[in-house]
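Worksheet: the structure to be examined is printed underneath.
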Amino acid sequence: MTTLTNLYLIAHETVRSARRRRHLPVMLLAVLASAGICCSMEFFGSVHYQQFFFHIMMLVLPLVTVVVATLTTCWVLPQQRQDHTLHLILARPVARWQVIIGTFLGVAVTSVMAFFVFTAIFLLSLWWRAVVFPPALLHAVTLLLVQVLLFNALALLLSLLTTPAMTAVVCLLYYFLGQLIQPTLQPVLAGTPWLVRLPAWCAFFATPHLNYFNLTMPVVHQWPAVSWFMLVPTITYGVGWTALLLLAACGLFRRCDV
Amino acid sequence: MSEPAIQCVDVVKDYRGGLGGRQAYRALHGISLAVPQGQVFGFLGPNGAGKTTALKILLSFIRPTSGAALLFGRSTQEPATRRLLGYLPETTTYPEYLTAREAVMFYARLSGLARGTAASAAADALRTTGLREDADRPLKYFSKGMRQRVGLAQAIVHQPACLVLDEPASGLDPLGRREIRELITHLRAQGLTIFFSSHELSEVEAICDTIAILHRGRILVQGALAALLASATEHHSRAAALEALFVNTIRQDDHAHESVSDRA
């Protein structure tokens, strides 16, 4: 019970402070501007217009939500360390893993709330322009949500190792490079000398493959949705990586000097 | 004899740097100290002496390279032990959107108090620290002295057995210092053990029962303040005696250190 209370208190306080960060209104404006521009367009035929709209949506929504997840997370622990409020928490009967998990829950709630607001803006724009919702849209949104949690965990781990600015840069670089890992390394793994294959194997298995969470093509081209059963391995993959990154953060924070 | 409230046993701390952590800087050279229950202990030392490192080890913010810090005989690395502890850092920037009551309530609940108990405990702590009238004002409107009193309120809200205060009067005007001193005296009267780190010798002289002087990571002098001042007061007033003791101890150690360096 005490553990749950501590997690709730830390998460609640994290949400309260994260809500006041300036990047949230900026990102909201970016989403409103993107959706507004899409809505105001009148050229192309209806099919092309829809594809254009979905392209923009599947470009802006993941990027903006990853930026929100990263910027919301990367400041929390460094800021608390600088303000000495982290010391006040750790001087209480609070285990260090509770600080990590509580903080993660707080930033996850904030990021997910922002994600739902941004998604709702795009969906409302689609509805307003009477665009037919693609069958894979819900799948795509679900996978993007998992990706947001993954980036929360990644940014939390990196924030223990480096500065907030560097955390943000690494996360955003990874957002772009992570899409390429699986398609680039998969061919290398087969039919190359083991000396080349070994580092490729390491890179392949030591990093989450972000292309698994990208359903842009099925959404843009209105492909039929796969069954939810087919989606379970991808969701498990994302949640598993999130848990692994959190475990690493807990282990690191347990040993680090604050 | 009862168990010491705070005990440091041969605590060594090395900070590692350079490539692969090959260069080590020893911040604490095996310090040992014991603070009896119910006493106010003054932890003195010039800047860079290792006071903050020792405090951080005591509060389990950092791990000692060897040795142990104990609170009532239990390691402070265990979260449950820290229920007995209240801590006031030298400076804290509380979230400005919180009111004093919300901030104190938050730390009360983290200390394991239930919501209802925490509310009444926070009200008591704010009354004790003279913030009852301002309890529901956001902290952004508080002066430095008032924020320091909020810090003291969060430190005592869960009725700890031991208080660790790091420069509690730092940056305060004479009135603020006096208020903090009166509060500490009030808390001592309630039986709390207080570990008091400070540069302000007048404060230490006014409220401490025992002291330790730390320099270059070693404890040079430790004992009851009255006994340590007894010889010094032959030549100085009591107020100046502690300053003389502090300065002479540091200078002798510096001199000894220089002699050793010259010989090397």
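Here, each number is a calculation from the coordinates, and none is a lab measurement. Since the structure is predicted, the reported quantities are computational estimates derived from the model, not experimental observations. A quick note on method: Cβ atoms are made from the backbone with ideal geometry, for glycine too, and the neighbour counts reach across all protein chains shown.
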In nm, what is the difference between 0.36 nm times the number of residues separating B:S2 and B:A189 and their Cα-Cα distance?
65.5 nm
Among B:A125, B:A230, B:A161, whose mean-square fluctuation peaks in a Gaussian network model of chain B (Cα, cutoff 10 Å)?
B:A230
A:L180/A:R21 FRET efficiency (R0 25 Å; Cβ-Cβ; nearest 0.05)
0.25
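Grab the beta carbon distance between A:Y237 and B:R83, set R0 = 45 Å, and tell me the FRET efficiency rounded to 0.05.
0.65
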As a test, work out the antiparallel percent of DSSP beta bridges whose residues both lie in the protein assembly as shown, rounded to the nearest 5.
60 percent
Can you run phi through the Karplus equation (6.51, -1.76, 1.60; θ = phi - 60°) for the stretch B:29-36 and list ³J(HN,Hα) in whole Hz, with x for Gly and Pro?
9, x, 7, 10, 8, 9, 10, x
Once a ≥ b ≥ c are taken as the square roots of the eigenvalues of the Cα gyration tensor of chain B, is the result rounded (a/c under 1.5), prolate (a/b larger than b/c) or oblate (a/b not larger than b/c)?
prolate
Do the sum for chain B: with -39,500 (n - 2.57) for every DSSP H run of n ≥ 4, divided by all residues, what is the mean residue ellipticity at 222 nm, to the nearest 500 deg cm²/dmol?
-12500 deg cm²/dmol
How tilted is helix A:137-161 with respect to the longest principal axis of chain A? Cα atoms for both, answer in degrees (0 to 90, nearest 10).
30 degrees
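First check a/c for chain A, with a ≥ b ≥ c the square roots of the eigenvalues of its C-alpha gyration tensor; if it is under 1.5, answer rounded, and if not, answer prolate when a/b is larger than b/c or oblate otherwise.
Oblate, because a/c is 1.5 or more while a/b does not exceed b/c.
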Antiparallel bridge percentage (DSSP; both residues within chain B; nearest 5):
60 percent
In terms of modelled amide H atoms, which long-range or inter-chain residues lie less than 5 Å from the amide H of B:G86?
B:C162, B:L163, B:V164
Among rounded, prolate and oblate, which fits the stretch A:110-210 when a ≥ b ≥ c are the square roots of the eigenvalues of its C-alpha gyration tensor, a/c under 1.5 means rounded, and a/b larger than b/c means prolate?
oblate
With everything on Cα atoms, drop me the angle between helix A:23-40 and the longest principal axis of chain A, reported from 0 to 90° to the nearest 10.
0 degrees
MRE, 222 nm, helices only [DSSP H, n ≥ 4, -39500 (n - 2.57), over chain A, to nearest 500]:
-26500 deg cm²/dmol
Peptide B:92-105, shielding by other chains (average Cβ, 10 Å cutoff):
3
Residues other than A:C74 with Cβ under 15 Å of its Cβ, Lys/Arg counted +1 and Asp/Glu -1, net out at +3
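Just the ratio, please: alpha-carbon radius of gyration of the protein assembly as shown over 2.2 N^0.38 Å, N its number of residues.
The reported ratio for this selection is 1.21.
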Near B:K144, which lysines are there with a Cα under 29 Å away, not counting those fewer than 8 places off in the same chain?
B:K51, B:K56
If each residue's Cβ is checked for other Cβ atoms within 10 Å, how do B:R188, B:R178, B:R109 rank with the fewest at the top?
B:R178, B:R188, B:R109
Report, as an integer, the average count of C-beta atoms from other chains found within 10 Å of each Cβ along B:155-167.
1
Rounded to the nearest 10, the angle in degrees between the Cα long axis of helix B:238-263 and the longest principal axis of the Cα atoms of chain B comes to 50 degrees
Fewest first, what order do B:S32, A:S227 take by the number of other Cβ atoms within 10 Å?
A:S227, B:S32
Quick numbers on the stretch A:185-258, Rg and Dmax over C-alpha atoms in Å, give 17.3, 52
Residue-by-residue Karplus 3J(HN,Hα) for the stretch B:203-216, coefficients 6.51, -1.76, 1.60, Hz, glycine and proline x:
5, 4, 4, 6, 10, 8, 8, 10, 9, 9, 10, 10, 8, 6
Of all the Cα-Cα pairs you can form in the stretch B:29-121, what percent are over 22 Å apart?
42 percent
B:Q23 versus A:L63, label points 7 Å from Cα toward the beta carbon: distance in nm?
4.3 nm
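Compute the Kirkwood hydrodynamic radius of the stretch B:110-264, taking the inverse of the mean of 1/r over all pairs of distinct Cα atoms, and give it in Å to one decimal.
Mean inverse Cα-Cα distance, inverted, gives 17.9 Å.
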Averaging sequence separations of C-alpha pairs under 8 Å and six or more residues apart, then dividing by the length of the stretch B:1-152, give the relative contact order as a whole percent.
21 percent
Can you sort A:W127, A:W75 from fewest to most other Cβ atoms within 10 Å of each residue's own Cβ?
A:W127, A:W75
